[in-house]
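One structure below.
The values are calculated or read from the model by the stated rules, or taken from the named source; none is laboratory data. Not measured: the values here are computed from a predicted model. We place every Cβ from the backbone using ideal geometry, glycine too, and count neighbours over all the protein chains shown. What goes into the accessible areas is simple: the full protein's heavy atoms, side chains included, and nothing from ligands, DNA or RNA. Shrake-Rupley method; radii C 1.70, N 1.55, O 1.52, S 1.80 Å.
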Amino acid sequence: MFTVTESTLADSAAVTNVIVESFSADPTWTWAFPDFAASTRFWALLINNALHYPYVLRTANFESVSVWIPPNGVELAAEDEEGLPQLIEELVGERSSEVLDLLQLFDDAHPHAEPHYYLSLLGTQNAYRGQGLGMALLKEGLARIDSENMPAYLESSNPINNTRYESVGFVAVNSFQAPGNGPEVTGMWREPK
(Lines give C-alpha, C1' and ligand atoms only; values in the text may rest on other atoms or scores of the structure.)
Protein backbone atom coordinates (compact mmCIF):
# COMPACT_ATOMS: atom_id res chain seq x y z
CA MET A 1 0.00 0.00 0.00
CA PHE A 2 1.28 3.49 -0.89
CA THR A 3 1.08 5.97 1.95
CA VAL A 4 2.44 9.51 2.01
CA THR A 5 3.53 11.27 5.19
CA GLU A 6 4.62 14.85 5.75
CA SER A 7 8.13 14.92 7.17
CA THR A 8 9.11 16.91 10.25
CA LEU A 9 12.39 18.31 11.54
CA ALA A 10 12.89 15.02 13.39
CA ASP A 11 13.10 13.32 9.98
CA SER A 12 15.96 15.50 8.74
CA ALA A 13 18.69 12.84 8.78
CA ALA A 14 16.49 10.23 7.11
CA VAL A 15 15.37 12.61 4.35
CA THR A 16 18.96 13.78 3.82
CA ASN A 17 20.18 10.19 3.53
CA VAL A 18 17.67 9.44 0.77
CA ILE A 19 18.65 12.54 -1.18
CA VAL A 20 22.39 11.92 -0.79
CA GLU A 21 22.00 8.33 -1.99
CA SER A 22 19.66 9.11 -4.86
CA PHE A 23 21.80 11.99 -6.16
CA SER A 24 25.09 10.07 -5.84
CA ALA A 25 25.16 9.49 -9.63
CA ASP A 26 23.43 12.69 -10.75
CA PRO A 27 25.56 14.38 -13.43
CA THR A 28 25.01 17.95 -12.21
CA TRP A 29 25.27 17.42 -8.48
CA THR A 30 28.25 15.05 -8.62
CA TRP A 31 29.93 17.70 -10.79
CA ALA A 32 29.27 20.24 -8.02
CA PHE A 33 29.95 18.02 -5.01
CA PRO A 34 32.00 14.94 -5.92
CA ASP A 35 32.82 14.36 -2.23
CA PHE A 36 30.22 12.39 -0.24
CA ALA A 37 30.68 14.39 2.97
CA ALA A 38 30.40 17.69 1.09
CA SER A 39 27.21 16.67 -0.67
CA THR A 40 25.74 15.47 2.63
CA ARG A 41 26.35 18.84 4.29
CA PHE A 42 24.90 20.72 1.32
CA TRP A 43 21.75 18.61 1.09
CA ALA A 44 21.26 18.71 4.87
CA LEU A 45 21.28 22.52 4.74
CA LEU A 46 18.59 22.61 2.04
CA ILE A 47 16.47 19.94 3.68
CA ASN A 48 16.63 21.48 7.15
CA ASN A 49 15.37 24.74 5.66
CA ALA A 50 12.62 23.01 3.66
CA LEU A 51 11.39 21.11 6.72
CA HIS A 52 10.07 24.38 8.12
CA TYR A 53 7.26 23.95 5.58
CA PRO A 54 4.77 21.05 5.63
CA TYR A 55 5.67 20.05 2.06
CA VAL A 56 8.51 17.58 2.49
CA LEU A 57 6.70 14.36 1.63
CA ARG A 58 7.87 10.80 2.09
CA THR A 59 6.74 7.25 1.66
CA ALA A 60 6.16 5.20 4.80
CA ASN A 61 9.74 4.05 5.33
CA PHE A 62 11.58 6.82 3.49
CA GLU A 63 11.90 4.77 0.32
CA SER A 64 11.26 8.00 -1.59
CA VAL A 65 11.10 11.68 -0.61
CA SER A 66 10.03 14.90 -2.32
CA VAL A 67 11.01 18.36 -1.13
CA TRP A 68 8.63 21.15 -2.12
CA ILE A 69 8.97 24.85 -1.41
CA PRO A 70 5.56 26.57 -1.26
CA PRO A 71 4.59 29.71 -3.19
CA ASN A 72 6.52 32.71 -1.90
CA GLY A 73 8.61 30.41 0.32
CA VAL A 74 12.40 30.46 0.34
CA GLU A 75 14.84 27.62 -0.10
CA LEU A 76 17.27 29.09 2.39
CA ALA A 77 16.67 31.32 5.40
CA ALA A 78 18.43 34.70 5.17
CA GLU A 79 21.26 33.71 7.52
CA ASP A 80 21.92 30.49 5.59
CA GLU A 81 21.84 32.37 2.29
CA GLU A 82 24.37 34.83 3.69
CA GLY A 83 26.66 32.04 4.86
CA LEU A 84 26.42 30.03 1.63
CA PRO A 85 29.62 31.35 -0.02
CA GLN A 86 31.69 30.41 3.03
CA LEU A 87 30.07 26.97 3.24
CA ILE A 88 30.67 26.29 -0.45
CA GLU A 89 34.31 27.29 -0.04
CA GLU A 90 34.61 24.85 2.88
CA LEU A 91 32.97 22.10 0.83
CA VAL A 92 34.75 22.43 -2.52
CA GLY A 93 37.76 24.67 -1.92
CA GLU A 94 39.24 26.18 -5.08
CA ARG A 95 36.14 25.16 -7.10
CA SER A 96 33.90 27.36 -4.95
CA SER A 97 33.50 30.10 -7.56
CA GLU A 98 32.33 27.56 -10.18
CA VAL A 99 29.85 25.95 -7.79
CA LEU A 100 28.55 29.35 -6.68
CA ASP A 101 28.17 30.28 -10.36
CA LEU A 102 26.14 27.10 -10.87
CA LEU A 103 23.88 27.95 -7.93
CA GLN A 104 23.43 31.45 -9.38
CA LEU A 105 22.42 29.91 -12.72
CA PHE A 106 19.72 27.92 -10.88
CA ASP A 107 18.44 31.12 -9.28
CA ASP A 108 18.59 33.13 -12.50
CA ALA A 109 16.60 30.50 -14.41
CA HIS A 110 13.97 30.12 -11.69
CA PRO A 111 10.74 31.97 -12.54
CA HIS A 112 10.01 34.68 -10.00
CA ALA A 113 7.02 36.50 -11.48
CA GLU A 114 4.22 33.99 -10.77
CA PRO A 115 3.62 32.25 -7.42
CA HIS A 116 4.18 28.49 -7.70
CA TYR A 117 5.31 25.38 -5.87
CA TYR A 118 8.95 24.49 -6.41
CA LEU A 119 10.06 20.87 -6.45
CA SER A 120 13.51 21.36 -5.00
CA LEU A 121 14.36 17.66 -4.68
CA LEU A 122 12.90 14.26 -5.50
CA GLY A 123 14.77 11.09 -4.71
CA THR A 124 14.37 7.36 -4.15
CA GLN A 125 16.68 4.98 -2.34
CA ASN A 126 18.65 2.84 -4.79
CA ALA A 127 17.08 -0.39 -3.50
CA TYR A 128 13.61 0.88 -4.45
CA ARG A 129 14.34 2.42 -7.84
CA GLY A 130 12.30 1.25 -10.77
CA GLN A 131 9.23 0.45 -8.67
CA GLY A 132 7.41 3.70 -9.42
CA LEU A 133 7.59 5.08 -5.88
CA GLY A 134 9.23 8.36 -6.86
CA MET A 135 6.69 9.03 -9.58
CA ALA A 136 3.81 8.05 -7.30
CA LEU A 137 5.10 10.45 -4.66
CA LEU A 138 5.47 13.17 -7.29
CA LYS A 139 1.89 12.58 -8.48
CA GLU A 140 0.62 12.81 -4.90
CA GLY A 141 2.40 16.14 -4.44
CA LEU A 142 1.03 17.42 -7.74
CA ALA A 143 -2.51 16.36 -6.79
CA ARG A 144 -2.22 18.46 -3.62
CA ILE A 145 -0.90 21.40 -5.65
CA ASP A 146 -3.64 20.99 -8.27
CA SER A 147 -6.24 21.16 -5.49
CA GLU A 148 -4.95 24.68 -4.83
CA ASN A 149 -4.94 25.48 -8.57
CA MET A 150 -1.24 26.36 -8.42
CA PRO A 151 1.51 25.81 -11.00
CA ALA A 152 4.79 24.03 -10.23
CA TYR A 153 8.41 24.38 -11.30
CA LEU A 154 11.45 22.11 -11.09
CA GLU A 155 14.93 21.77 -12.49
CA SER A 156 15.86 18.44 -14.01
CA SER A 157 19.55 17.99 -13.24
CA ASN A 158 19.69 14.67 -15.09
CA PRO A 159 18.40 14.60 -18.70
CA ILE A 160 17.18 11.01 -18.37
CA ASN A 161 14.46 12.29 -16.02
CA ASN A 162 13.01 14.87 -18.42
CA THR A 163 10.54 12.46 -20.04
CA ARG A 164 9.36 11.31 -16.61
CA TYR A 165 8.53 14.89 -15.69
CA GLU A 166 6.90 15.50 -19.07
CA SER A 167 4.66 12.47 -18.44
CA VAL A 168 3.02 14.31 -15.53
CA GLY A 169 2.59 17.62 -17.36
CA PHE A 170 5.88 19.48 -16.97
CA VAL A 171 7.18 21.33 -20.03
CA ALA A 172 10.76 22.50 -20.58
CA VAL A 173 10.91 26.30 -20.33
CA ASN A 174 14.65 26.98 -20.05
CA SER A 175 18.03 25.30 -19.80
CA PHE A 176 21.51 26.19 -18.67
CA GLN A 177 24.87 24.52 -18.42
CA ALA A 178 27.19 24.21 -15.43
CA PRO A 179 30.37 26.29 -15.80
CA GLY A 180 33.27 24.95 -17.83
CA ASN A 181 31.08 23.03 -20.27
CA GLY A 182 29.55 21.09 -17.37
CA PRO A 183 26.26 19.19 -17.30
CA GLU A 184 23.04 20.68 -18.65
CA VAL A 185 20.05 21.46 -16.45
CA THR A 186 16.48 21.85 -17.75
CA GLY A 187 13.94 24.11 -16.04
CA MET A 188 10.40 22.72 -16.31
CA TRP A 189 7.01 24.34 -15.62
CA ARG A 190 3.63 22.72 -15.04
CA GLU A 191 0.27 24.47 -15.13
CA PRO A 192 -2.35 23.18 -12.68
CA LYS A 193 -4.57 20.37 -13.95
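Overview of results
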read-out: Test for V173: is it among the β-branched types (V, I, T), outside any helix (DSSP H, G or I) and at pLDDT 95 or above; value: yes
read-out: Residues located in the stretch 74-83, provided they are part of a helix (DSSP H, G or I) and either among the basic types (K, R) or within 27 Å of P151 (Cβ to Cβ) (or both); value: A78, D80, E81
read-out: Top-ranked residue in the stretch 32-43 [being in contact with a helix residue (DSSP H, G or I) (Cβ under 8 Å, 6 or more places away or on another chain) and part of a helix (DSSP H, G or I); ranked as most open to solvent (accessible area, probe 1.4 Å)]; value: F36
read-out: Test for I88: is it of a type outside the set (S, T, N, Q), in contact with a helix residue (DSSP H, G or I) (Cβ under 7 Å, 6 or more places away or on another chain), in a helix (DSSP H, G or I) and within 20 Å of G141 (Cβ to Cβ); value: no
read-out: Filtered residue count, the stretch 10-34, keeping only those that are modelled with pLDDT under 95 and closer than 23 Å to E81 by Cβ; value: 0
read-out: Test result for L121, within 16 Å of F23 (Cβ to Cβ) and either open to solvent by less than 80 Å² (accessible area, probe 1.4 Å) or modelled with pLDDT of 95 or more (or both); value: yes
read-out: Single condition W68 does not satisfy, out of (1) open to solvent by 20 Å² or more (accessible area, probe 1.4 Å); (2) in contact with a strand residue (DSSP E or B) (Cβ under 8 Å, 6 or more places away or on another chain); (3) in contact (Cβ under 8 Å) with a residue 24 or more places away in the chain; value: (1)
read-out: Residue check, L51 within 21 Å of L142 (Cα to Cα), free of Cβ contacts under 8 Å to residues at least 60 places away in the same chain and surrounded by fewer than 21 Cβ atoms within 10 Å (Cβ to Cβ); value: yes
read-out: Positions within the stretch 49-73 being more than 18 Å from L103 (Cα to Cα), not β-branched (V, I, T) and not in a loop (DSSP other than H, G, I, E, B), in sequence order; value: L57, R58, S64, S66
read-out: Output for the stretch 12-31, where each listed residue is assigned to a helix (DSSP H, G or I), open to solvent by less than 60 Å² (accessible area, probe 1.4 Å), touching a residue at least 12 places away in the same chain (Cβ under 8 Å) and in contact with a helix residue (DSSP H, G or I) (Cβ under 9 Å, 6 or more places away or on another chain); value: S12, V15, T16, I19, V20, S22, P27, T28, W29, W31
